[in-house]
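The values are calculated or read from the model by the stated rules, or taken from the named source; none is laboratory data. Because the structure is predicted, anything quoted here is derived from the model rather than measured. Backbone-built Cβ (ideal geometry, glycine too); neighbour counts: all protein chains shown.
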Amino acid sequence: HDDLTALTSGDTPRANNEAMTRIYHLAAENDLPVMLHSNITSKREKNPLYLAEIEEPLRNHPHTRFIWAHAGTSKEIHRHQKQLDFLLPTLTRLLESYPNLYIDLSWSLLTPYLLDEAGKPRQAWVELVERFPERFMVGSDVVGRFNKVGKELRSFDPFLDALPEDVARKVARDNFLAVLPRSVPK
């Protein structure tokens with residue numbers, strides 16, 4: 001997404017590209033989750049322009065577990081749009097419709113969605129996570145240098161503290177462990 005996609009020559013990779021079908025089948029056969037790094041919209045559009053690219057594999061591959069990195073948001077989108085008003089209702093519908101969808105709460109999702117400008121948890125997001133407590137997981141989206149991962153992950157503490165303790169534990173750790181393969185191949 002963002003700069004990486006802009007630097008890609010030729011056909012831009014998309015989650016609903018037919019070439020991905022074999023990967024999704026392989027993942028399902030081996031009990032592996034697939035992380036999708038796909039934006040939900042462009043920096044100019046105020047609607048979920050690319051939603052079909054995510055929804056198609058969710059619908060066509062119900063036995064594959066998909067983790068959507070930062071729910072399709074990005075810093076580049078937020079440079080042009082402060083907040084995507086359609087994100088919360090769109091995620092609610094997707095989570096209701098596709099039990100194989102998991103949301104990675106990382107990077108550009110923390111602020112302005114999970115936390116407001118004052119660093120306080122947004123109640124609507126707390127309620128969404130409480131409604132689907134097994135479907136969200138904290139992530140970092142850190143690349144390259146990992147010496148600040150701990151600090152990055154601690155920035156989620158105000159949001160996690162707003163959740164019931166059992167839900168916070170799931171979001172902070174247990175949900176990620178639950179999407180990993182259930183058994184180690186021999």
For Val171, which of the numbered conditions (1) in contact (Cβ under 8 Å) with a residue 60 or more places away in the chain; (2) touching a Gly at 6+ places or on another chain (Cβ under 7 Å); (3) assigned to a helix (DSSP H, G or I) fails to hold? (2)
Report whether or not Asp116 is touching a strand residue (DSSP E or B) at 6+ places or on another chain (Cβ under 9 Å), free of Cβ contacts under 8 Å to residues at least 60 places away in the same chain, over 17 Å from Arg65 (Cβ atoms) and charged (D, E, K, R). no
Residue hits (region 138-160; touching a residue at least 12 places away in the same chain (Cβ under 8 Å), of a type outside the set (S, T, N, Q) and out of contact with any Asp or Glu (no Cβ under 6 Å at 6 or more places or on another chain)) are Val138, Asp141, Glu152, Leu153, Phe156, Pro158, Phe159, Leu160
How many of the residues making up region 1-34 are at pLDDT below 95 and in contact with a Phe, Trp or Tyr (Cβ under 9 Å, 6 or more places away or on another chain)? 2
Could you look through region 95-111, keep only residues that are in contact with a helix residue (DSSP H, G or I) (Cβ under 7 Å, 6 or more places away or on another chain) and not polar (S, T, N, Q), and pick out the one that is surrounded by the most Cβ atoms within 10 Å (Cβ to Cβ)? Leu109
The strands (runs of 3 or more DSSP E) lying wholly within region 1-117 that contain at least 2 residues that are in contact with a Lys or Arg (Cβ under 9 Å, 6 or more places away or on another chain) are 101-105
It is to be established whether one or more residues within region 164-174 are in contact with a Lys or Arg (Cβ under 9 Å, 6 or more places away or on another chain), among the small types (Gly, Ala, Ser) and on the phi < 0 side of the Ramachandran plot. no
Only one of Glu29, Glu96 is among the acidic types (Asp, Glu) and either touching a residue at least 60 places away in the same chain (Cβ under 8 Å) or over 23 Å from Pro121 (Cα atoms) (or both). Can you tell me which? Glu29
State yes or no: is Ala52 over 30 Å from Ala19 (Cα atoms) and either at pLDDT 95 or above or not hydrophobic (A, V, I, L, M, F, W, C) (or both)? no
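Residues checked against (1) among the hydroxyl-bearing types (Ser, Thr, Tyr); (2) modelled with pLDDT under 95:
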| site | (1), (2) |
| --- | --- |
| Tyr98 | yes, no |
| Pro112 | no, yes |
| Trp125 | no, no |
| Glu134 | no, no |
| Ser155 | yes, yes |
